[in-house]
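Accompanying notes for the structure given below.
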Amino acid sequence: MEPLRIHQGIVCPINRANIDTDQIIPKQFLKRIERSGFGQFLFYNWRFDDEGNPNPDFPLNQPQYKGASILVAGENFGCGSSREHAPWAVQDFGFRVIIAPSFADIFKNNTVKNGILAIQATEEQVQTIMKKAETEGYTLTINLEDQIVYDSEGFKFTFDIAPYPKEMLLNGWDEIGVTLKYEEKIAQYEQSKQLVHTK
Amino acid sequence: MERPKNIIQKIWEQHVVHREEGKPDLLYIDLHLVHEVTSPQAFEGLRMNGRKVRRPDLTFATMDHNVPTRQRLVIEDPISKKQIDTLQQNCEEFGIPLAHIHHPDNGIVHVIGPELGLTQPGKTIVCGDSHTSTHGAFGALAFGIGTSEVEHVLATQTLWQAPPKTMNVKVKGKLGKGVTAKDLILAIIGKFGVKFGTGYIIEYTGEAIREMSMDERMTVCNMSIEGGARAGLISPDETTFEYLRGRKHVPQGKAFEEAVTRWKSLATDEGAEYDAVVEIDATEVEPQVTWGTNPGMCIPISANVPNPEDADKANDREEIKRALEYMGLEAGQPISSVKIDHVFIGSCTNSRLSDLRKAAEIIRGKKVHPSVKAIVVPGSFSVKMAAEKEGLDKVFTDAGFEWRNAGCSMCLGMNDDLIPSGERCASTSNRNFEGRQGKGARTHLVSPEMAAAAAIAGHFVDVRTFSAQEVG
Ligand code: SF4
């Protein structure tokens with residue numbers, strides 16, 4: 001995964017609370033066997049009408065948010081099922097950072113595993129960003145090392161993140177990458193045990 | 001002297017590869033079971049990162065969820081077919097042994113693991129499937145994992161896991177005649193609720209558990225997850241060892257005796273402690289039937305469907321009301337008066353040979369009620385063969401049951417076995433969630449004996465007095 005130290009990107013606002021995993025990626029797209037390619041289905045029922053035509057009112061369809069990599073949304077983002085298809089879709093669409101007043105637990109865990117930084121901000125900070133993002137090309141910068149978010153107009157705030165996920169995101173490690181650093185210990189363990197083979 | 005330990009603590013300690021402050025433990029996984037639904041993205045992840053499967057020789061795959069049980073080799077749904085074909089390709093590419101649909105070892109993942117002797121005491125076992133807890137019946141630490149974790153185990157044969165809290169579910173006394181392992185686990189979940197085990201790993205102990213066969217113990221452990229516990233297990237004993245002796249992947253001869261000595265030392269020590277203890281009296285358990293939309297919503301066959309007005313809390317009243325509405329039941333109606341349209345005997349909870357034998361005993365020489373459609377889906381190809389050798393298939397088909405091929409089938413309806421909306425099914429599976437067996441389908445969980453009796457009577461009946469009854 002790409003390390004995430006300093007990230008600068010266009011902000012796309014979706015001003016709704018309780019965006020659940022069914023809305024992030026509707027059920028009909030779960031039977032795919034790939035992990036990639038879910039981006040095209042992100043927020044499908046909001047982005048497209050019944051005939052499959054883009055809904056011009058939805059931010060993701062508006063030209064001013066083209067190429068956005070920072071998503072700002074209302075509280076309890078990612079609630080619902082544990083499906084990993086939700087963060088897969090968010091990431092595949094091109095988002096690296098989500099800012100919201102709160103996140104559902106499982107979704108938040110799943111973001112780290114997929115290299116997405118979920119920033120918990122205050123309701124006020126989120127509303128400020130929502131307003132500012134109405135201006136075309138509004139950009140935020142996130143410095144993960146220092147745990148700050150800022151723009152070019154002097155708006156700035158700090159955020160919290162636990163050490164373990166921070167380290168993983170900063171270095172672009174996926175959990176497997178981290179674990180493989182213990183390869184030697186795993187190999188030692190294997191040598192010390194009688195393992196029962198399946199073949 | 002060392003502090004006495006319970007079996008959960010012993011197995012955990014034996015599998016810690018690395019431990020450090022501020023991190024979960026890095027736990028070694030002895031056996032990784034794989035099926036077609038939760039694995040494709042994990043394999044793709046490996047490919048994208050150029051990674052290999054660390055221990056294909058500790059991994060075993062089967063196809064079960066999507067497998068058609070009528071005509072085994074014709075998969076009409078293109079997506080199901082794709083998942084099956086993908087698993088086959090992945091297993092070939094990464095060198096993982098696979099019990100393909102055509103293979104005699106094929107069956108539901110939680111049925112074949114024990115059958116093949118892959119499931120053994122003291123092992124850590126994972127699978128991208130929440131009913132992995134089944135394997136705990138052998139004194140193994142077995143739990144379900146998500147797709148990222150599947151990939152993690154494929155790549156590293158380990159998982160980062162915080163040490164669990166342990167709980168002892170003590171079963172006092174013996175089960176009465178006609179009362180089964182399924183009734184016991186339903187009664188436990190009914191009594192303590194669907195969340196009582198959250199954050200814990202359970203050990204089941206007590207006389208009733210000791211008296212159970214391995215098939216029965218698997219039924220109990222299978223539904224641990226329905227009580228919120230990721231894993232549930234039973235200390236191994238002679239019953240366990242006798243079941244395993246001579247099985248395909250178990251050490252043979254002198255090596256087996258040595259293994260037994262090791263396995264014996266796993267059992268919970270005298271005086272070991274748990275983080276929590278709950279008790280249930282087996283002598284008071286009656287045959288159970290679920291009336292609602294989660295497994296905790298169950299009552300004895302002699303009872304009436306609950307009335308929302310009797311609940312203390314407003315939330316509970318709402319929940320009961322919603323469940324009754326979905327299930328199309330009247331508050332206060334005797335559960336034995338509820339007529340059924342379908343019977344499903346199968347699933348990783350109750351599709352083993354002894355389950356089929358007991359159900360066959362009930363229906364032998366009788367006929368399925370004219371308004372009921374009944375099917376039997378053996379848990380594995382080998383269960384099917386063994387049952388046919390004993391003539392059980394004849395007993396079922398003579399009574400009017402359909403005799404199917406092995407698979408998950410109607411347990412979750414990913415293949416074409418679905419219950420139509422609004423229709424009612426007496427099912428030996430483990431989940432009665434809304435829509436589980438089909439959109440609008442109404443599922444009642446019961447034991448194989450109770451399902452068989454209901455098939456004949458056309459409604460729920462007390463299996464303890466059933467054989468004596470006039471059937472009609
Ligand atoms: S039988 Fe049902 S519960 Fe068991 S593994 Fe298959 S789908 Fe899951």
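Quick notes on this one:
- Chain A: Rg to Rh, with Rh as the Kirkwood radius over Cα pairs: 1.04
- Taken along its principal axes, the alpha carbon cloud of the stretch A:50-93 reaches lengths of 30, 27, 21 Å, longest axis first.
- The B and A chains share an interface that buries close to 3600 Å² of accessible area, total over both sides, probe 1.4 Å.
- Derived value for the stretch B:8-277: Kirkwood hydrodynamic radius 19.3 Å. Basis is the mean of 1/r over every pair of different alpha-carbon atoms.
- DSSP beta bridge pairing in the stretch B:284-431, given as percent antiparallel to the nearest 5: 30 percent
- Largest-first ellipsoid semi-axes for chain B, taking √(5λ) over the Cα gyration tensor eigenvalues, angstrom: 34, 27, 22
- Toward the positive end of the charge dipole of the protein assembly as shown, with +1 on the Cβ of Lys and Arg and -1 on the Cβ of Asp and Glu, the farthest Cα among B:Pro251, B:Ala455, B:Val220 is that of B:Pro251.
- Across peptide A:190-196, the mean count of Cβ atoms from other chains lying within 10 Å of each residue's own Cβ comes to 5.
- Considering only alpha-carbon pairs that sit under 8 angstrom and 6 or more positions apart, the relative contact order computed for the stretch B:288-466 is 28 percent.
- All Cα pairs of the stretch B:26-167, percent lying beyond 21 Å: 39 percent
- Unit charges at the beta carbon, dipole of the stretch B:288-466: most positive-side option, B:Leu356, B:Leu445, B:Ala387: B:Ala387
- The stretch B:367-385 versus the stretch B:168-217: alpha-carbon centroid distance in Å: 26 Å
- In Hz, Karplus ³J(HN,Hα) per residue of the stretch B:434-447 (6.51, -1.76, 1.60; θ = phi - 60°; x = Gly, Pro): 4, x, 4, 9, x, 4, x, 5, 10, 9, 10, 7, 8, 7
- Between B:Asp77 and A:Phe48, the modelled labels are 2.1 nm apart [label points 7 Å from Cα along Cα→Cβ].
- Lys pairs, the stretch A:6-173 - Cα-Cα below 19 angstrom, 8 or more residues apart or on other chains: 6
- Comparing the stretch B:366-472 with the 2.2 N^0.38 Å rule of thumb, its C-alpha radius of gyration ratio is 1.07 (two decimals).
- In the stretch B:227-361, the ratio of gyration radius to Kirkwood radius, Rg to Rh, stands at 1.09 when only Cα atoms are counted.
- Cα pair distances in the stretch A:104-145, grouped into 5 Å bins until the bin that holds the longest one, percent each: 5, 17, 20, 21, 22, 12, 2
- DSSP beta bridges confined to the protein assembly as shown are antiparallel in about 30 percent of cases.
- The amide H of B:Val34, built 1.01 Å from its N in the peptide plane, has B:Phe60, B:Ala61, B:Thr62 as neighbours under 5 Å, considering only residues 5 or more places off or on other chains.
- Here the Debye sum runs over all C-alpha atoms of the stretch B:288-466 as equal scatterers in vacuum, and log10 of I(q)/I(0) at q = 0.09, 0.10, 0.14, 0.20 Å⁻¹ comes out as -0.29, -0.36, -0.68, -1.30.
- For the stretch B:326-381, radius of gyration divided by Kirkwood radius, i.e. Rg to Rh on alpha-carbons: 1.04
- Column: log10 I(q)/I(0), Debye, Cα scatterers of the stretch B:192-251, q = 0.23 Å⁻¹: -0.93
- The stretch A:6-173 - percent of accessible surface contributed by carbon and sulfur, probe 1.4 Å: 45 percent
- Computed magnitude of the charge dipole of the stretch B:90-178 (debye, nearest 20; Cβ of K, R +1, Cβ of D, E -1): 940 debye
- Relative contact order (percent, whole number), chain B, Cα cutoff 8 Å, 6+ residue spacing: 17 percent
- Backbone HN-Hα couplings from phi across the stretch B:216-224 [Karplus 6.51/-1.76/1.60, Hz, Gly and Pro as x]: 5, 4, 5, 4, 5, 5, 3, 8, 3
- Cα pair distances in the stretch A:27-105, grouped into 10 Å bins until the bin that holds the longest one, percent each: 17, 49, 33, 2
- The spacing between the stretch B:15-40 and the stretch B:396-472, judged by their C-alpha centroids, is 36 Å.
- The tail of the calculated P(r) for the protein assembly as shown beyond 47 Å holds 19 percent of all Cα-Cα pairs.
The values are calculated or read from the model by the stated rules, or taken from the named source; none is laboratory data. Note that the structure is predicted; figures quoted are calculated from it, not measured. Counting neighbours? That spans all protein chains shown, and the Cβs are built from the backbone with ideal geometry, glycine included. What goes into the accessible areas is simple: the full protein's heavy atoms, side chains included, and nothing from ligands, DNA or RNA. Shrake-Rupley method; radii C 1.70, N 1.55, O 1.52, S 1.80 Å.
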